[in-house]
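The values are calculated or read from the model by the stated rules, or taken from the named source; none is laboratory data. A quick note: this is a predicted structure, and the numbers were derived from the prediction, not measured. Note: ideal-geometry Cβ built from the backbone for every residue, glycine included; neighbour counts use all protein chains shown. The accessibility values were calculated without ligands, DNA or RNA, using every heavy atom of the protein model including side chains. Shrake-Rupley method; radii C 1.70, N 1.55, O 1.52, S 1.80 Å.
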Amino acid sequence: MHALPKRRGVPRLPWKRGPVAWEVGCRAEEILAGLARCPRRFLSLRCAARFLGVSTQPLRDWIRRKDLKRDGPRFQISKDELCRFVKLLQERAEPFDSDGYLERLHRKRERPPRRFEKLSSARFAWPKGRTALNPKELAQIVGCHPSLIVKAIRPYSSFNRVRGRRRTRCRWEITKRSWDEAFPFSLIKKRRLPGMPQGDLLSTVAVASHLRACGMEGAEAIDVRRLIQNGSLQAVHRSPNGRNWYVTKAGLKEFRKSL
């Protein structure tokens, strides 16, 4: 008989959703003693949180999921209800280990994230004229916190480690070469364009051949004439009858910047 697959639904029990319930259960005796000395019958949300030694957010989550009831006037919590909940955690709460924490974080993902995945999946162009950047500058470009860049430099990074160098005793900098070696697919590299054709005036056939070499697949002389008519390419008439167009070398050089 095959075992049923593990259910990946949202955990209902309070101690399956975080470590706070287990911590409250461990301090149950102290909390119950403090509640016994309290003369008030009903407690506000903040007062109940102070007794449990937690913030109000876990209480709001437990109330929203109906683990804890606001059974008093003005949406207060009765002392009996709070005692009941603390005793429940004392009897049944389980430790919230690291496996449960990671499962909660990555519940909606098909796989856990890889180390430094945000850095390797980034796509950006290295700033022109800069041989090295510090973690803060890189974080602004990548869209992450500078601490993630620093962690990628540290010696305990087993793979995808960036070789950084010290500008001062407390400041790192990373060269473009070091970043490219660690995350080779993150840098957007400009394609090298072929050299410009010879001559100051170029025929439409020669310009079409050059544009195909630059990556414009299928470019023909008729396409060059359309670019001239649209004003994208600077051209002049050189033949006496004015039928043939010739593209200026300066106009072609300016047009290549848009490729």
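Points to keep in mind about this one:
- Failed item, numbered, when Lys136 is tested on (1) among the charged types (D, E, K, R); (2) modelled with pLDDT of 80 or more; (3) in a loop (DSSP other than H, G, I, E, B): (3)
- Filtering segment 168-201 to residues that are surrounded by 11 or more Cβ atoms within 10 Å (Cβ to Cβ) and of a type in the set (S, T, N, Q) leaves Thr175, Ser178, Ser186.
- First in segment 46-66 and at pLDDT 90 or above and part of a helix (DSSP H, G or I), second anywhere and of a type in the set (Gly, Ala, Ser) and surrounded by 13 or more Cβ atoms within 10 Å (Cβ to Cβ), Cβ under 6 Å, 6 or more apart: Phe51/Gly34; Thr56/Ala49; Leu59/Ala49
Residue-by-condition table, conditions (1) in contact with a Gly (Cβ under 6 Å, 6 or more places away or on another chain); (2) of a type outside the set (D, E, K, R); (3) free of Cβ contacts under 8 Å to residues at least 40 places away in the same chain; (4) open to solvent by less than 80 Å² (accessible area, probe 1.4 Å):
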residue: Gly25; (1), (2), (3), (4): no, yes, no, yes
residue: Pro39; (1), (2), (3), (4): no, yes, yes, no
residue: Leu68; (1), (2), (3), (4): no, yes, yes, yes
residue: Leu89; (1), (2), (3), (4): yes, yes, no, yes
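- Residue in segment 108-125 that is surrounded by 14 or more Cβ atoms within 10 Å (Cβ to Cβ) and at pLDDT 90 or above present: no
- Selection within segment 202-230 - outside any helix (DSSP H, G or I), at pLDDT below 85 and open to solvent by 30 Å² or more (accessible area, probe 1.4 Å): Gly215, Met216, Glu217, Gly218
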